[in-house]
Amino acid sequence: MSNASLTGLNGPRKFGFINWLGLWTLYKKEVRRFLKVYTQTVAAPVATTLLYMTVFAVAIGSRRGDVNGIPFIEFLAPGLILMGLLNNAFANSGSSILVSKVQGNAVDFLMPPLSALELSIGFIAGAMTRGIMVAVVTAVTLIPFMNIMPQHWWAVLYFGISASAMLGMVGVIGGLWAEKFDHMAAVTTFVITPLTFLSGTFYSVTALPEPIATISHFNPFFYMIDGFRYGFTGHADGHLAIGAVLVLAINLALAAACYLLLRAGWRLKS
């Protein structure tokens with residue numbers, strides 16, 4: 001084994017070594033944290049998505065017609081499923097770190113022999129689990145009412161997993177940055193929600209006038225939702241290859257940011 005070392009929050013660690021027991025413990029802690037209040041963290045988002053579907057189906061579903069040859073409700077469903085995934089992945093990691101800071105028990109994950117890499121993986125994996133769980137439960141709930149069986153599983157898995165990872169990492173950064181709950185609420189209100197709503201969740205960007213349609217293609221959420229929707233409907237408004245590469249590049253950048261911030265103990269040690 002190499003003698004090189006990796007300096008984390010708790011001192012030098014041997015390069016290439018992973019504390020699997022500690023990582024597994026942190027991951028279980030993150031999962032159990034949201035499962036203990038599953039009615040709020042899983043059931044509530046599913047109910048919200050069903051309400052969205054009901055309102056759209058009753059209010060404009062029959063008058064809207066098809067979108068790119070796809071019934072409007074079937075076009076809408078994948079976007080709403082991914083919206084629930086995005087919101088919950090962000091909320092899980094962000095709230096976990098912020099609550100620990102506010103309550104003064106961040107020492108619970110700073111003191112154990114966990115490196116910055118292991119902390120990053122644990123928090124992000126927990127957020128991904130919650131986001132994916134909400135998406136799966138929502139999809140299963142909708143199956144009896146409409147045809148939303150995937151046509152391209154690779155797109156559903158790639159963009160779904162990538163989206164959960166991206167928002168989980170954004171949640172980690174947001175949780176480290178925030179000093180009170182108002183800060184996290186501001187990120188949700190002024191960043192996450194606008195990017196989600198303006199990404200084609202409820203409409204096709206091809207119907208937008210220029211230059212708004214072109215501007216929409218600079219929104220990374222557009223590529224995640226468009227690719228995820230393609231997995232169900234077989235139709236994409238954007239270029240799938242560009243979207244896949246862009247999402248991967250953003251995730252790599254966010255992963256590096258999470259690792260470096262946790263290694264430095266940014267707003268955790270002070």
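Per DSSP H run of n ≥ 4, the term is -39500 (n - 2.57); total these for the chain, divide by its residue number, and report the mean residue ellipticity at 222 nm rounded to 500 deg cm²/dmol. Write out the running numbers ahead of the final one.
On the way: 11 runs with 173 residues, N = 270.
Calculated from helices alone, the mean residue ellipticity at 222 nm is -21000 deg cm²/dmol.
Between Q151 and T39, what is the label-to-label distance in nm when each label sits 7 Å out along the Cα-to-Cβ direction?
According to this spin-label approximation, the distance is 4.1 nm.
Would you mind calculating the gained length between V107 and L195 on full extension (0.36 nm times residue separation, minus the Cα-Cα distance), in nm to one decimal?
Values: separation 88, 0.36 × 88 = 31.68 nm, distance 3.37 nm.
Length gained, V107 through L195: 28.3 nm.
For the chain, which span is the longest to avoid every loop-located (per DSSP) member of trypsin sites (Lys or Arg not before Pro) having at most 12 other Cβ atoms inside 10 Å?
On the way: sites that count: K36, K180, K269.
Looking at the chain, 37-179 is the longest stretch - no exposed trypsin sites (Lys or Arg not before Pro) with at most 12 other Cβ atoms within 10 Å.
Can you give the convex hull volume per residue for the Cα atoms of region 62-109, as a whole number of Å³? If you can, show how the numbers build up before the last one.
On the way: hull volume 3.9 nm³, N = 48.
In region 62-109, the Cα convex hull volume per residue is 81 Å³.
D for region 48-159, whole µm²/s, Stokes-Einstein with Kirkwood Rh over alpha-carbon pairs at 37 °C and 0.692 mPa s: what number? If you can, show how the numbers build up before the last one.
On the way: Rh = 16.4 Å.
After rounding, the answer is 201 µm²/s.
How much space per residue, in cubic angstrom, does the convex hull of the C-alpha atoms of the chain take up?
Per-residue hull volume (Cα only) is 140 Å³.
Between V140 and S204, what FRET efficiency comes out of the Förster formula 1/(1 + (r/R0)^6) with R0 = 22 Å and r the beta carbon distance, rounded to 0.05? Display every interim value, and only then the final one.
On the way: r = 26 Å, r/R0 = 1.17.
The computed FRET efficiency comes out at 0.30.
If each Cα of region 143-270 is one equal point scatterer, what is log10 of I(q)/I(0) from the Debye formula at q = 0.10, 0.21 Å⁻¹?
Taking Cα atoms of region 143-270 as identical point scatterers yields -0.39, -1.22.
Using 19 Å as the cut-off for backbone N distance, which residues of region 82-99 belong to the label zone defined by a point 7 Å from the Cα of V55 along Cα→Cβ?
Under 19 Å, as judged by backbone N against the label point of V55, lie 82-88 of region 82-99.
Could the peptides 218-224, 239-245 be put in order, highest first, of the mean number of other beta-carbon atoms found within 10 Å of their residues?
Values: 218-224: 21.1, 239-245: 15.3.
Ranked from most to least packed, the peptides come out as 218-224, 239-245.
Using amide H atoms built in the peptide plane, which far-off residues or other-chain residues are under 5 Å from V67 H to H?
Result for V67 returns F72.
Applying 1/(1 + (r/R0)^6) with R0 = 22 Å to the Cβ-Cβ distance of F218 and I161, what FRET efficiency is obtained, to the nearest 0.05? Each step should come with its number before you reach the end.
Numbers: r = 23 Å, r/R0 = 1.04.
The pair F218/I161 has a calculated efficiency of 0.45.
No lab work stands behind these numbers, since they all come straight from the coordinates. Owing to the predicted nature of the structure, the values given are computational and were not obtained by experimental measurement. Quick reminder, even Gly has a Cβ in these numbers, built from the backbone with ideal geometry, and neighbours come from all protein chains shown.
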